[in-house]
Amino acid sequence: MNILVIGQCSLHWGRMEFGNIGNYYIMEPFFRGLHKAFPGASIKTTMQMSERFQKDENVQSVSLDAYYNWRNDELSLAKEEYEQAKRYLQTGQLEKSTPYLELVIESDLVIDFSGDIWGDNADFLGPDRFEVGLYKDLIAQELGKKVIMLAGSPGPFSNIETLELAKTVYSQFDLVTNREEISTELLESWGFDTSKTYSLACPAFLFEPQNDEQMKSLLVSEGLSNKSDREKPIVGFIVCGWNFSQGPFDLWPRESADYLIFAKTVEYLTETLGARVCLMSHSNGFDIPPAPFKLKHGRDYPIAKQLEAILIERDISKDFFVLDGIYDAWQSKSIIASFDMLVTGRVHAAVSGFSQYIPTVVFDYGHAPKAHKLRGFSRVAAAENYLVDPSNLQNVINTVDSCFKDRDSYSFNLKKQMTHVREQVAQHFELTKRLFD
């Protein structure tokens, strides 16, 4: 059994593994789920993973050129590959071989893994990026392979011509699984044929945290141990660039006024509700090869530090602190487990909270392009009432207050809901296996 995993998540080395921590939460259980469904399968991917990941997860990364590599003629190359595929079906001969065509021909199953960038968002990554990806799907379909799209959150679609091609490609998938039901509802509203689409949950819900003596020592050093013996509950607080009312998400530096709602929320938590607040980053960065690899702080950290400075200057909140360390995905999930409550604008930090029964308030995106996945993921966790517009202070305060006061019942409800969620995650791979039974 030969499996090829492609998709818009095919990015430069390290992006899916060492940057946004939520990306890695998905990757590990995704590939493990495939191996569980297809024991002994050979899995190749255009995603650029580390040697460590490839060895531990039994996956081979192939050249990024096979999918998209920011060349001036990416779209024309993809269209020519499509024509080559059609001629190959007629003659049985490849007139002009390409790495992608060879990979598809030798595959039994091709999986498009594009997350929330199968649509307009793909074109933020490079010119014609979405259309190129559609032709890559179309090539595999033309060659008669089983072609599916797993664990996505497709859309939006504003380009009419690309939309029509997307509908054609989508209708020819043998199976589509989305990570939440809102994506499916939106696809139907755009006129997509969703007869082979299932609304499930994100594989990230299954990601396992670090839970050893070294991690326990780290929590002690950060003041996050002994959860049951605390004088005050600790509330984790994560803000990212998407939560501000003014875009773009990577705008820097920002005006102090941009942080006012977040500062007032922290002040309410500490001064009215009597909690401690832990400001935390949920993203990392790294030096681009050929520089020696080393993890460093990502975009969330300077936001946390600027919020810290603003809180100090306002001198209202008396009990907050920042985590200054650099933590990998496994450590980050363990840290989130140590909180009594979480307020986050990172969707997979919310997944980390939900899956560990931590009462969680989710900040929605504050500026365009807005993503429906935050509402969708909150609905999966039966926590949609705890999704808030970060520009509406009163709504934020009311929701934080409700979450804090009801956190025992909230945690109990999450524990029940996660049993169902874990079953949904397993279905991504059970449905895929069923295509070959």
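The values are calculated or read from the model by the stated rules, or taken from the named source; none is laboratory data. On a predicted model such as this, the values are computed, not experimentally measured, just so you know. Cβ atoms come from the backbone with ideal geometry, glycine included; neighbour counts cover every protein chain shown. When the accessible area is computed, the model is the full protein with side chains, heavy atoms only, and any ligands, DNA or RNA have been set aside. Shrake-Rupley method; radii C 1.70, N 1.55, O 1.52, S 1.80 Å.
Return the residue satisfying two criteria in turn: it lies in region 250-279 and is in a loop (DSSP other than H, G, I, E, B) and in contact (Cβ under 8 Å) with a residue 60 or more places away in the chain, and of such residues it is surrounded by the most Cβ atoms within 10 Å (Cβ to Cβ). Can you show your working first?
Here is the first cut: in region 250-279, the ones in a loop (DSSP other than H, G, I, E, B) are 250-255, 273-275.
Imposing the further condition that a residue be in contact (Cβ under 8 Å) with a residue 60 or more places away in the chain reduces the set to 273, 275.
Details: Leu273: 17, Ala275: 24.
Top of the filtered list is Ala275.
Can you tell me which of Phe436, Phe404, Phe429 is in contact (Cβ under 8 Å) with a residue 40 or more places away in the chain and within 21 Å of Gly345 (Cβ to Cβ)?
Phe404
Can you confirm whether region 181-199 contains a residue that is in contact (Cβ under 8 Å) with a residue 40 or more places away in the chain, open to solvent by less than 40 Å² (accessible area, probe 1.4 Å) and touching a His at 6+ places or on another chain (Cβ under 7 Å)?
Yes, because at least one residue in region 181-199 is in contact (Cβ under 8 Å) with a residue 40 or more places away in the chain, open to solvent by less than 40 Å² (accessible area, probe 1.4 Å) and touching a His at 6+ places or on another chain (Cβ under 7 Å).
Would you mention how many residues in region 158-173 are crowded, with 16+ Cβ neighbours inside 10 Å and in contact with an Asp or Glu (Cβ under 6 Å, 6 or more places away or on another chain)?
Looking only at region 158-173, we keep the residues that are crowded, with 16+ Cβ neighbours inside 10 Å, and these are 162-163, 165-167, 169-170, 173.
Checking which are in contact with an Asp or Glu (Cβ under 6 Å, 6 or more places away or on another chain) leaves us with 162, 169.
Summing the residues that are crowded, with 16+ Cβ neighbours inside 10 Å and in contact with an Asp or Glu (Cβ under 6 Å, 6 or more places away or on another chain) in region 158-173 gives 2.
Pick from Val147, Val132, Val110, Val176: which is β-branched (Val, Ile, Thr), open to solvent by less than 10 Å² (accessible area, probe 1.4 Å), in a helix (DSSP H, G or I) and within 27 Å of Val59 (Cα to Cα)? Walk me through how you get there before you give the answer.
Numbers: Val147 fails: in a helix (DSSP H, G or I); Val110 fails: in a helix (DSSP H, G or I); Val176 fails: in a helix (DSSP H, G or I).
Only one candidate passes the filter, namely Val132.
Scan region 208-235 for residues that are more than 27 Å from Arg32 (Cβ to Cβ) and touching a residue at least 12 places away in the same chain (Cβ under 8 Å) and jot them down.
If the condition is that a residue be more than 27 Å from Arg32 (Cβ to Cβ) and touching a residue at least 12 places away in the same chain (Cβ under 8 Å), then Glu222, Gly223, Leu224, Ser225, Lys227, Arg230, Lys232, Pro233, Ile234, Val235 are the ones that fit.
Going by the conditions given, is Leu342 at pLDDT 95 or above, surrounded by 22 or more Cβ atoms within 10 Å (Cβ to Cβ), hydrophobic (A, V, I, L, M, F, W, C) and within 23 Å of the chain's Cα centre (by Cα)?
On the way: at pLDDT 95 or above: yes; surrounded by 22 or more Cβ atoms within 10 Å (Cβ to Cβ): yes; hydrophobic (A, V, I, L, M, F, W, C): yes; within 23 Å of the chain's Cα centre (by Cα): yes.
Here the answer is yes, as Leu342 does meet what is asked.
Could you list, in sequence order, all residues of region 97-133 that are closer than 25 Å to Gly22 by Cα and aliphatic (A, V, I, L, M)?
Val110, Ile111, Ile117, Ala122, Leu125
Output the residues belonging to region 62-96 that are among the small types (Gly, Ala, Ser), out of contact with any Asp or Glu (no Cβ under 7 Å at 6 or more places or on another chain) and closer than 19 Å to Val132 by Cβ. Even if it seems obvious, please write down each step before you answer.
Step one: filter region 62-96 for residues among the small types (Gly, Ala, Ser), giving 63, 66, 76, 78, 85, 92.
Still in the running and out of contact with any Asp or Glu (no Cβ under 7 Å at 6 or more places or on another chain): 63, 66, 76, 78, 92.
Those that are among the small types (Gly, Ala, Ser), out of contact with any Asp or Glu (no Cβ under 7 Å at 6 or more places or on another chain) and closer than 19 Å to Val132 by Cβ: Ser63, Ala66, Ser76, Ala78.
With the requirement that a residue be of a type in the set (A, V, I, L, M, F, W, C) and closer than 25 Å to Gly22 by Cβ, what does region 253-286 give you? Give the derivation first.
Pass one, region 253-286, residues of a type in the set (A, V, I, L, M, F, W, C): 257, 260-263, 266, 269, 273, 275, 277-280, 286.
Within region 253-286, Ile261, Phe262, Ala263, Val266, Leu269, Ala275, Val277, Cys278, Leu279, Met280, Phe286 qualify.
Residues that are under 28 Å from Gly115 (Cα atoms): which strands (runs of 3 or more DSSP E) entirely in region 295-404 hold 1 or more of them? Can you show your working first?
On the way: elements: 295-297, 320-322, 341-344, 360-363.
Counting at least 1 such residues, we get 295-297, 341-344, 360-363.
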